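Notes for the one structure printed next.
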Amino acid sequence: MGKKRMISGWLVAVLAAGLLAGCGSQAGEGTAPAEDQGTNKEQAVNVYTARHYESDDKLFEMFTAKTGIKVNVVKGKAEELIERLKREGESTEADLFITVDGGVLNTAKEAGVLQPIQSEAVDQRVPKQLRDKDNQWVGISTRARVIVYSKERVKPEQLSTYEDLATDKWKGKVLVRSSTSLYNQSLLASFIELGGEQQAEEWAKGIVSNMARKPEGADRDQAKAIVAGVGDVAIMNTYYVGLLVNSKDPEEVKVGESIGVFFPNQQTTGTHINVSGVGLTKHSKNKENAVKLIEFLTDKEAQTLLTQANYEFPVNAEADMPELLKSWGEFKAQEIDFAALGTHNKKALEIFNKVGWK
Amino acid sequence: MNFFEIRDLSFRYQNAKEWTMQNFNLSISQGQIVGVLGRSGSGKSTLLRLIAGLEEPAGGTITIAGVAVVGQQKFVEPEERGVGMVFQDYALFPHITVSQNIVFGLHRLSRAERAKRLDEMLELVQLRGYERRYPHELSGGQQQRVALARALAPKPAILLMDEPFSNLDADLKGKIRQELKEILNRAKMTCIFVTHDNEDVDAICDRVVYMEAGG
Amino acid sequence: MYRQTFRRSFARIRNGWVALSLLGVAAVLLPNLYILLNLFHQPNENWQHIREYMLKDYVLQSLWLVLCTGICTVLIGVTLAWLVSAYDFPLKRFFRWALILPLAIPPYIAAYTYSTMFSYTGAIQKFFRYQLGMTVDQKYFDVMSVKGAVFIFTMFLFPYVYLITKAFLERQSAAYIESARLLGKNSLQIFFQVVLPISRSAIIGGVSLVVFEVLSDYGVTSYFGIPTFSTAIFQTWFGMYDLDSAVRLAALLMTGIIGLFLLEKLLRSRVKFHSSTSKTRPLKPIKLGGLSAAAAFLFCLAIFSCAFLIPFVQLVAWAKLSYQDVVNRTFIQLTFNTLSVAVIATVVIVVLAAVVANVSRIRESFFSEVAAKLIAMGYSIPGAVIAIGVLSVFISLDQQLSGLYSLLGWGEKKLVLSLSLVMLVFAYVIRFLAVGFNPIEAGFEKVGKQYYEASRMLGLGMTRTFFRVDLPMIRGAVLSASILAFVEITKELPLTLLLRPFNFETLATKTYQYANDEQIIEASIPSLLIIGISMISVLLFHRVGEEKQER
């Protein structure tokens, strides 16, 4: 009898374990990516991306239609994906890493998970300042972090520079989101690069004392707050203005139309821009396909689609920008090494904490 | 060697400083009904749980029908001891009927044997006609008889009863005591019967054991 | 004498139940241990800064948030549970299950929805602006504040308290409440003197889920710009690129949680009562009349509207704006992915939870007590941090197994497990075991050990007893466990984001894709699908529960 009981106990254990394993393998089969090891089976390229835009999915579909190369995607947060690449090491299945923010791209480079991209086509299409100096990553689009203002209460002539927003003139009128946003961290990092820590800290302090309210919400919410009369000026990214003006919600369109876009620091250091880019992983198993995809992403057709759908600035000058972007005209951008955004990020965060920019 | 024997049994609850029981001895011959009397907290119920295998003693031996169930390196699980037990609040399974409760312990018998045994048990405790009821549809006295039938059905070597009358009305008690005595005699059951009521003992038991805390 | 007991118990560990629960606990603890071990590393140079500028503020803010949300959820959850189980009033039968529905809406979606609704372009301000011609002060519409976060968390997490307390009151409290009524106590007295104290265990069980959910939240607080402990973890990782310090912070959080567990244990163990007889009658509700009926109805309606109806209607309105652009065939695939992975993980969670809970109640040893608590720890830790723990374990597992893979003829592929759904399911299990474990443990606690013992006395072993006695008696608890775990997994985001295999999208990741880009209108459709799936499961759950009661 004793034996029988023990056996039945074990049976439960084995059953449960079997269930676990069974479920796992069954589910795994359907989704495991690349049995296609770049040999003569199905061609594929595996992408880790931190960009969550619909337009990117469309681009990958177009690429597959054009070349027959399948694009397998894992989306996630950039830092998590870098960590995953690091941990997977040589065994990684990922070929490309795509993310927003030059600082993060540089972090990936520093982490040693990327390798130089060799493609003349890409070198021709993408200007040098939008590529890593060792070509470990290549830009695919840019956005500017600008000043938007209430067309009703502010004249563009009153605006000049980011530094100006930190003066008493704008007390209680500045809107900006929380310092947890990478966009703000990179903005401050660029100031550290241009004018040093001291100056950057003073700027942040000035902004904090000018804030119309405690930082809350995302970029779009700052625009809405302007129209609602909470504040007069806000710091936000250009493409959000494009998305507002083209929103499905008529009320948002109104918001988009009642704010103006101002590119600051035109006489001085230039407007802060940031870059989305793609890097080739160090241990890529489908390198040829990966480079093909990079070339595709930077060609005229893809670049046009990207800017039309998302209101980002293209990196390829041949691309056709939407009217709204054209209407803003040419502007002078900051001339800094994007790597600096990464290296100063920690310092920027420390400054935000110190001056109480929540 | 007696039919049932406890030697030097010691026990204390986890994290308890005091011994609930120390070097306890008891022997019973077959067919005897032994009453265990004592105040609450004297370890009466613990004694039954130790015999049943629901608690593990710190030391000592227990032998049931000549088989050692607790010994030096031995601990027989409760389901293999052949011990029947009537719990204080009966613990009838609320999700199954009276007859399902009674045959619950007969899973080793064939279907026909099971039906036969059920029939015998219903006869013994006089509960014919109640087979399809659920426990909560019965009176306290009826529940007690179901519990008894359930415990006796697998023909245990020894029956343990933990204050079986504590949930019954006073005027019922006299009658039920008599019935119980008859049932046990008819089944020739060896029985240990825990109570705090002298009248129970007088009416039913052949022998009495008194228990005191720690002893 | 002790050696004798020890040797005997060692022999009994060969029991499959104990073995399986040990295995489960070990597997679940591994990634947690990985995180905890970090506490013993030397802190790096960033730690000074973190301590100085982040720790105190963020910890206080988190505690404040947890405290407020905890109190509010208890007030609302227990009051509703009491109203619904002890009284009859209009639409009560509807509210009984409808009040669970808020669980179907993930707090991050609710946060986006409410803040957009109350924003300048939202329906409410538009109403004031155009219909009433009023210009309103924005500060009255400020959802994105600590108050707003407490509101969101309360509205969308109170069902945990409601659900567990209601189940307890309906099935277990009849004797106490009826005797209090007979003793001439009025409703208020009964509520404070009887209901609150006797349902303490249930309330603590429910509110601890709420607390863990709030502590591990990142979606709501980061969107509202409220600095909490989770924010500190992510700031450190994403902002300072210092994963070590981030994990260290997580380890600190974990230590705090273990403290909370011990506290809960202490609070609960002293009131460990199960009903003293096998006769538990359901509580018979009293019919309310006139004003009190209206008040009860209005209260339920108000909560139901805020916690479900309003955001739901808003999402539907948005869905109408966007369905043409968003809906396509891929949504069928998304729904299928979401369902299948949630079902698999739920089954694993419930089986494991039942095994561990069963072992821990039968063997009341120190080990099983502690293990049973630790196993639930994953619930309190931000998903992204667990993700790193799980990832590390799986990648090293893959490296260990690479020999086997080539034996199986899979070529040079090195990552198999960590690129399959196994990793994601495993992570779900770690994260949500508590959700499944708590109701099952409470179910066992409610039933008590007597039936188990009776069955063992009748010659049935542990396994047979489990299937013939325990399982039927805790069926309700198992169902609650499955449903809660299933709904949680359907909503889960951070783990899914990082640990999914290639091309594996769920409804939650799709929602995130839109919401992250501030396209809340486009996000409405996947959100509604999540809510729909959760709603269906809640309804099923309710029906099975009713059937059981009628029998």
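For n ≥ 4 DSSP H runs only, could you compute -39500 (n - 2.57) per run for chain B, divide by its residues and tell me the 222 nm figure to the nearest 500?
Per the formula, -9500 deg cm²/dmol.
Stretched out fully, how many nm does the piece from C:Lys284 to C:Tyr140 gain, at 0.36 nm a residue minus the Cα gap?
The C:Lys284-C:Tyr140 span can extend by a further 47.5 nm.
So how compact is the protein assembly as shown: Cα radius of gyration and Dmax in angstrom?
34.5, 112
Round to the nearest 0.05 the FRET efficiency obtained for C:Tyr87 and B:Arg207 when R0 = 56 Å and r is the Cβ-Cβ distance.
0.50
Given DSSP loops and a limit of at most 13 other Cβ atoms within 10 Å, what is the longest stretch of chain B that contains no such GluC sites (Glu not before Pro)?
In short, B:19-211.
Straight-line reach from C:Lys56: which lysines have Cα under 16 Å away, leaving out those fewer than 8 places along the same chain?
Those lysines meeting the cut-off are A:Lys354, A:Lys358.
Given charges of +1 on the Cβ of Lys and Arg and -1 on the Cβ of Asp and Glu, with all other atoms neutral, how large is the dipole of chain C about its Cα centre, in debye to the nearest 20?
2360 debye
Measure off 7 Å from each Cα along the Cα-to-Cβ vector at C:Leu188 and C:Arg129, then give the distance between these two points in nanometres to one decimal.
For the pair C:Leu188/C:Arg129, the computed spacing is 4.5 nm.
Give the cross-link partners of A:Lys151 among the lysines, using a straight C-alpha distance below 16 Å as the criterion and excluding same-chain residues fewer than 8 apart.
Within reach: A:Lys173, A:Lys224, A:Lys254.
State the answer as a single residue: which of C:Thr69, C:Ile177, C:Leu196 lies farthest towards the positive end of the charge dipole of the stretch C:44-323, with beta carbon charges of +1 for Lys and Arg and -1 for Asp and Glu, about the Cα centre.
Farthest towards the positive pole: C:Ile177.
Please rank A:Lys300, A:Lys70, fewest neighbouring Cβ atoms within 10 Å first, as an exposure proxy.
Ordered by Cβ neighbours within 10 Å, fewest first: A:Lys300, A:Lys70.
Who wins for biggest fluctuation among A:Ala218, A:Ala340, A:Ala302 in a Gaussian network model of chain A, springs between alpha carbons below 10 Å?
The residue that fluctuates most here is A:Ala218.
Let me know the Kirkwood hydrodynamic radius for chain A, please, with Cα pairs as the basis and the value in Å to one decimal.
Kirkwood hydrodynamic radius for chain A: 22.3 Å.
At a 10 Å Cβ-Cβ cut-off, how would you order C:Leu182, C:Leu283, B:Leu160, fewest neighbours first?
The order, fewest Cβ neighbours first, is C:Leu182, C:Leu283, B:Leu160.
222 nm [θ] for chain A, helices only, -39500 (n - 2.57) per DSSP H run of 4+, per residue, to 500?
Calculated at 222 nm, the ellipticity per residue is -15000 deg cm²/dmol.
Taking square-rooted eigenvalues a ≥ b ≥ c of the alpha carbon gyration tensor, is the stretch C:44-323 rounded, prolate or oblate, where a/c under 1.5 means rounded and, failing that, a/b exceeding b/c means prolate?
It comes out oblate by the Cα gyration axes.
Divide by every residue of chain C the summed helix terms, -39500 (n - 2.57) for each DSSP H run of at least 4, and state the resulting mean residue ellipticity at 222 nm, rounded to the nearest 500 deg cm²/dmol.
Helices in chain C give a 222 nm mean residue ellipticity of -23000 deg cm²/dmol.
What is the dipole size for the stretch B:93-154, taken about its Cα centre, with +1 at each Lys and Arg Cβ and -1 at each Asp and Glu Cβ, in debye to the nearest 20?
140 debye
Where the only charges are on Cβ atoms (+1 Lys, Arg; -1 Asp, Glu), what is the dipole of the protein assembly as shown about its Cα centre, to the nearest 20 debye?
Here the protein assembly as shown has a charge dipole of around 4040 debye.
Starting with the fewest neighbours, write out C:Leu169, B:Leu118 ranked by other beta-carbon atoms found within 10 Å of each beta-carbon.
By the 10 Å Cβ count, ascending: B:Leu118, C:Leu169.
Can you compute 3J(HN,Hα) from phi for each residue in the stretch A:49-64, using the Karplus curve 6.51 cos²θ - 1.76 cosθ + 1.60 with θ = phi - 60°, rounded to whole Hz and x for Gly and Pro?
10, 9, 8, 10, 8, 4, 4, 5, 4, 4, 4, 5, 4, 4, 4, 5
Starting from the amide H of B:Met21, placed 1.01 Å from N in the peptide plane, find each other amide H under 5 Å away whose residue is 5 or more places distant or on another chain.
Residues meeting the amide H criterion: B:Phe11.
Using only alpha carbon positions, build the gyration tensor of chain C, then give the equivalent ellipsoid semi-axes as the square roots of 5 times its eigenvalues, largest first, whole angstrom.
With the √(5λ) rule applied to chain C, the semi-axes are 35, 34, 23 Å.
Using θ = phi - 60° and the Karplus curve 6.51 cos²θ - 1.76 cosθ + 1.60, what whole-Hz ³J(HN,Hα) does each residue of the stretch B:101-114 get, with Gly and Pro shown as x?
4, 5, 7, 3, x, 9, 5, 8, 8, 6, 4, 5, 4, 5
Please list, ordered by chain and number, the residues whose modelled amide H lies under 5 Å from the amide H of A:Ile140; skip anything fewer than 5 residues away on the same chain.
Result for A:Ile140 returns A:Ser276, A:Gly277, A:Val278.
Say R0 is 25 Å: what FRET efficiency, to the nearest 0.05, do C:Leu301 and C:Arg181 get from their beta-carbon distance?
Efficiency for this residue pair is about 0.40.
Quick one: which of C:Lys147/C:Lys446; A:Lys155/C:Lys147; C:Lys147/C:Lys491; A:Lys346/C:Lys491; B:Lys44/B:Lys155 span more than 26 angstrom between C-alpha atoms?
Where the Cα-Cα span goes over 26 Å, the pairs concerned are C:Lys147/C:Lys446; A:Lys155/C:Lys147; A:Lys346/C:Lys491.
Within the stretch B:130-164, list the residues whose amide N lies under 17 Å from a label point set 7 Å along Cα→Cβ of B:His107.
The answer is B:150-151, B:153-155.
Classify the stretch A:40-197: rounded, prolate or oblate, from the alpha-carbon gyration tensor (a ≥ b ≥ c, eigenvalue square roots; a/c under 1.5 rounded; otherwise prolate if a/b is larger than b/c)?
Prolate shape, in that a/c is at least 1.5 and a/b is the bigger ratio.
Report, by chain and number, residues whose modeled amide H sits under 5 Å from the one on B:Met85, excluding near sequence neighbours (fewer than 5 apart, same chain).
Answer set, sorted by chain and number: B:Leu160.
Kindly write out, for the stretch C:426-434 in residue order, the coupling ³J(HN,Hα) from the Karplus curve 6.51 cos²θ - 1.76 cosθ + 1.60 (θ = phi - 60°), rounded to whole Hz, with x marking Gly and Pro.
So the J values, rounded to whole Hz, are 4, 5, 4, 4, 4, 5, 10, 4, 4.
Given an 8 Å cut-off on Cα distances and at least 6 residues of separation, report the relative contact order of chain A as a percent.
RCO, chain A: 26 percent.
Which net charge results for the neighbourhood of B:Leu122, defined as the other residues with beta-carbon distances under 9 angstrom from its beta-carbon, given Lys and Arg at +1 and Asp and Glu at -1?
For residues surrounding B:Leu122, the net value is -3.
Once the dipole of the stretch C:44-323 is set up with Lys and Arg at +1 and Asp and Glu at -1 on Cβ about the Cα centre, which of C:Ser292, C:Tyr58, C:Leu132 lies farthest towards its positive end?
Checking the options against the dipole of the stretch C:44-323, the answer is C:Ser292.
Which number do you get for Rg(Cα) / (2.2 N^0.38 Å) in the stretch B:93-154?
Ratio of Rg to 2.2 N^0.38 Å for the stretch B:93-154: 0.99.
Relative contact order for chain C: what percent, with Cα pairs under 8 Å and sequence separation of 6 or more?
It rounds to 21 percent for chain C.
May I ask you to derive the FRET efficiency for A:Gln267 and C:Trp97 from their Cβ-Cβ distance with R0 = 45 Å, giving the value to the nearest 0.05?
So, using R0 = 45 Å, E works out to roughly 0.10.
Taken together, the values in this text are just the output of simple stated rules run on the coordinates, not laboratory data. Keep in mind that what you see is a predicted model, and the values were worked out from it rather than measured. Neighbour counts run over all protein chains shown; Cβ positions are idealised from the backbone, glycine included.
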